[in-house]
1. Any idea what the relative contact order of the chain is, in percent, if you count C-alpha pairs under 8 Å spaced at least 6 apart?
2. Tell me the angle of helix 130-145 to the major Cα principal axis of the chain, expressed in degrees between 0 and 90 and rounded to the nearest ten.
3. Placing one identical point scatterer on every Cα of the chain and ignoring solvent, what is log10 I(q)/I(0) from the Debye formula at q = 0.12 Å⁻¹?
4. Within segment 115-141, which residues have the backbone N less than 11 Å from the label spot 7 Å out from residue 214 along Cα→beta-carbon, could you tell me?
5. Classify segment 2-99 from the C-alpha gyration tensor, please: rounded if a/c falls under 1.5, else prolate or oblate depending on whether a/b exceeds b/c.
6. Take each of the peptides 19-25, 257-263, average the number of other beta-carbon atoms within 10 Å over its residues, and list them starting from the highest.
7. What Kirkwood hydrodynamic radius do you get for segment 44-136 when you take the inverse of the mean 1/r over all pairs of distinct Cα atoms, in Å?
8. Taking segment 115-243 as the region of interest, what is the percent of Cα-Cα pairs per 10 angstrom bin, listed from the shortest bin to the one with the maximum distance?
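Read-outs: derived from the displayed coordinates by stated rules, not from any lab. None of these values were measured; they are calculated from a predicted model. We place every Cβ from the backbone using ideal geometry, glycine too, and count neighbours over all the protein chains shown.
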């Protein structure tokens, strides 16, 4: 059983080009399954020995542990993918996880910043310090191109084409995409590159990195998160803001500005248009909020002058 799980994780990494974060998430999901099998089921030698009743017991166990519905839904999706792999490898004849009911998950609207708020954040890093110039370039690039944090820290200097003002990034599934950046991001990157100094003994993977830490090596996603926390405290912006909020803000501002959904999908690198459609709900909600606040007959609790 556990050998099959290891084989599935190798399949994800080698054949599906899954990212390290994806592999880590799947590993955590199967760690939970292994704990359940060991504590509640007993010895299971092969995937074919897992019965539907035992898998339903696993779902009940997840609910007993008070896992969030989103976590349970993800773990069931992992199970279905695993058994599809097992079918392909001839380890099982059917997919017992197909009949498991996924809990209904309400989709939260993504948090985003207003234009005034994003301006405040982008101007927070000091422009007279090396670290401040790096942070300005980093924030401007994330917001200008709608990049994921992993895409941002994975950028190399030669991934930016100054002539066409586009950056080449590696997204989910190690898929490459081209993202345009605006004048503010271009100027900020140019100023950062004037002071950027990689460590003398840095390996090529670090020496070519666009964004470096204070030791002159490639910046990490965790470092970007800490940097964001610092500027949120400095500006007094909502602490629920994360680096990924800039990606949400990018998409929301594009749609508010009249961009069509298909274009936003391409710019974000979304495989499915359904994923991008969540931002239309954000824009619609803003319109409704504006209506409620502005129209004298809209709000139920508004006092109308006679």
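1. It rounds to 15 percent for the chain.
2. Approximately 70 degrees, to the nearest ten.
3. Listed by q, the Debye log ratios stand at -0.96.
4. It comes to 131, nothing else.
5. On the way: a/c = 1.67, a/b = 1.16, b/c = 1.43.
Note, shape of segment 2-99 comes out oblate.
6. Working: 19-25: 13.9, 257-263: 10.4.
The most tightly packed comes first, giving 19-25, 257-263.
7. Averaging 1/r across every pair of different Cα atoms and inverting gives 17.2 Å.
8. Result, from short to long distances: 13, 46, 35, 6, 0 percent.
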